[in-house]
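The values are calculated or read from the model by the stated rules, or taken from the named source; none is laboratory data. Quantities reported herein were computed from a predicted structural model and do not represent experimental measurements. In this analysis, Cβ positions are derived from the backbone assuming ideal geometry, glycine residues included, and neighbour counts consider all displayed protein chains.
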Amino acid sequence: MTVGQVLALLLNGLSSAAILFLVSVGLSVVFGVTRIVNFAHGAFYMIGAYVAFSLVDRFAQGSATTYWMCVVAAALVVAAIGLAVEMLLLRRLYHVPELFQLLATFGVALMIDDLLLLIYGPQDLLAPRVRGLRGGIDLFGQRSPIYDIYVILLAPVMLALLWFLLRRTRWGVLIRAATQDRDMVGALGVNQAWLFTGVFTLGAFLAGLAGAVQLERTAVNLGMGANAIVEAFVVVVIGGMGSIVGALLAAILIGEIQAFGVAFFPHLTLVLTFLVMAIVLAVRPWGLLGRAEPMTRSHEFAKEPPLRPIRPALAATAFAILVALAAAPTVLGVYGLGILVDMLIVALFASSLFLILGPGGLVSFGHACYFGISAYAVALSVHYGGLSFWPALALSPVAGGFAALIFGWLCVRVSGVYFAMLTLAFAQIVWSVVFQWYSLTGGDNGIVGLWPDVAGGRIGFYYVVLAVSAVGVGVLAGLLHTPFMYAVRVGRDSPARAAAIGIHVRRQQWFVFALAGLFAGIAGGLFTFAEGSVFPAAISVERSIDGLVMVLFGGVEAIAGAIVGALGFFALKTEILRYTDSWRLVLGILIVLIALVFPKGIVGSVGGLWRRGDEP
């Protein structure tokens, strides 16, 4: 490789880093002050790109000055949208647990995806080349776009402006103070509502600016928001939450790794970013310039109601549901039984995630990793090993539990959003291996022809799924009342006190993480036979986020919340798909409404009303 080629790759990496910095720094500042894991941030980035496309296509085809004015205008439009989202939605949710704010922003992201689809259509949009930004510069015989130079220069300019804003203005001082201790800022008389509004609007502006600047570098498409939010989380976590300089350093690191990785390690392109994040967090758990959260910090679910024995009415209802499910084959056809099988599997998967999210207090963005690993373990054992149904299914808890045991040992070394992102990193690494190892997994062609050979055909398989799912959920429910899970709750609510009385908090979290992976693995094994095939989507981020949404949808105070949330989310998604192509818009609206009306999830909110009704 020549010197010119190396310099060209270096510049390409720096220009990508500048975009990553603009996206991630807004996300970092928003999280540092409001503690919102804003899933709509990638959608704001995408809006910026689409609005900039419309403005540039209309006004700026021949003038570089007009082009940059359109870029700024697009960012301001996104800032106005962010302002409206914060004031109309998030401001009503600051008093609820932080994870339900995440649920609301996820709903907003779904709504934005479909609105942009309705407005612009599904096709990729390529902006017209602005005359003043065409051309390039020669570097030792290699030509690089001049636009990349402008983008590279934008990053230090924005860094300087943010530094001045945060270090030399009163508002900036308040932001930094709120990042360290927002409760104390409120106690000193600062209007936190308007502070949060300003910070969220600033984050939306930066996301919109990044999307608008990206316009001349790539086509605008509906998938860019999801890609941007994942990469932004990676950058923020590597750099350290709340650190602007850390975000810049991490953006440069990731940008260069991606640029040189494509040239030198094309088969590792998908995995390099997440591999680097896993290594950084393993060596420095709080990121390059981040700070460790104190062990004394109370968990957001520490005020959950005390555990009580199962009410007779609830036990009777559960038994009646099981009886009805057992009788379902007498009244339902093949399609109906197929839907019930899918619902039972997602209920078991969501219940396994509840084990670490509720009692464990650990938010996982990569729980589908263990679902998918088991699905592929079963598929490979049938496809290559010729195993029959029962021996292959028996591999699923072993594969899921063992993978969770290995990955969990590294994940529990960190907490909070760092834990969530490390679980995502491992899931993406596994997904990348599965997606690119064509000779073994079939890549995106998957492995097909995996139908279960059980007595009774489809009806027999339905009863197998019903029995395994019911036993799995029952075991998980029983675990909640064991001394082990009581100790896990103590470590969740007050890790410092738990350590003082002799509870090894990290070890308890590790074990519960492995247990959750084991039960997710069982669901993954059933899924393979239910679908008759397996594809990389079984390990995708989308499946992990769907599981997280299911648990939050129902509530994290009881395992019934995970079951109700899984069934409700699946039913809504399935039914909406039957009647409209805009299912993301409808589902997003429903999620936002549930976040507003049932801020503890459906079961959590209904259970609260029930408990109040029992009080004298």
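At-a-glance table
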item	result
Spans of helices (runs of 4 or more DSSP H) in region 470-560 with at least 3 residues more than 13 Å from S351 (Cα to Cα) and over 24 Å from the mean Cα position of the chain (by Cα)	483-493, 495-500, 505-531
Among residues of region 443-476, those that are under 30 Å from P359 (Cβ atoms) and small (G, A, S), counted	5
Residue list for region 181-198, filter: in contact with a Phe, Trp or Tyr (Cβ under 9 Å, 6 or more places away or on another chain) and at pLDDT 80 or above	L195, F196, G198
Verdict on F371 being assigned by TED's automatic domain parsing to the domain that holds D546 and at pLDDT 95 or above	yes
Region 321-368 - residue that is among the aliphatic types (A, V, I, L, M) and under 17 Å from M485 (Cβ atoms) and, of those, farthest from the chain's Cα centre (by Cα)	L355
Matching residues in region 26-38 - criterion: being out of contact with any Leu (no Cβ under 6 Å at 6 or more places or on another chain) and either of a type in the set (D, E) or in a helix (DSSP H, G or I) (or both)	L27, S28, V29, V30, F31, G32, V33, T34
Single residue of region 1-56 satisfying the filter (touching a residue at least 24 places away in the same chain (Cβ under 8 Å) and of a type in the set (S, T, Y)) that is nearest to I81 (Cα to Cα)	Y45
Tabulated pairs, region 404-433, first over 16 Å from A377 (Cβ atoms), second polar (S, T, N, Q) and surrounded by 24 or more Cβ atoms within 10 Å (Cβ to Cβ), C-beta under 7 angstrom, 6+ apart or interchain	C411/T423; V412/Q509; A420/S364; T423/S364
All positions within region 407-441 that are crowded, with 20+ Cβ neighbours inside 10 Å, at pLDDT 85 or above and of a type outside the set (A, V, I, L, M, F, W, C)	G408, T423, Q428, S432, T441
Residue that is surrounded by the fewest Cβ atoms within 10 Å (Cβ to Cβ) [pool: residues in region 56-75 that are touching a helix residue (DSSP H, G or I) at 6+ places or on another chain (Cβ under 7 Å) and within 24 Å of I229 (Cα to Cα)]	A73
Candidates F319, F354, filtered to the one that is modelled with pLDDT of 90 or more and either of a type in the set (S, T, N, Q) or in the same structural domain as P536 (by TED's automatic domain parsing) (or both)	F354
Hey, F402 assigned to a helix (DSSP H, G or I), at negative phi, surrounded by fewer than 24 Cβ atoms within 10 Å (Cβ to Cβ) and modelled with pLDDT of 95 or more or not	yes
Selection status of S374, at negative phi, in contact with a Phe, Trp or Tyr (Cβ under 9 Å, 6 or more places away or on another chain) and in a loop (DSSP other than H, G, I, E, B)	no
Residue match in region 275-286 (condition: surrounded by fewer than 23 Cβ atoms within 10 Å (Cβ to Cβ), closer than 22 Å to D148 by Cα, touching a residue at least 12 places away in the same chain (Cβ under 8 Å) and not hydroxyl-bearing (S, T, Y))	no
Which listed residue, of V541, V505, V534, is within 17 Å of G358 (Cβ to Cβ), assigned by TED's automatic domain parsing to the domain that holds A566 and not charged (D, E, K, R)	V505
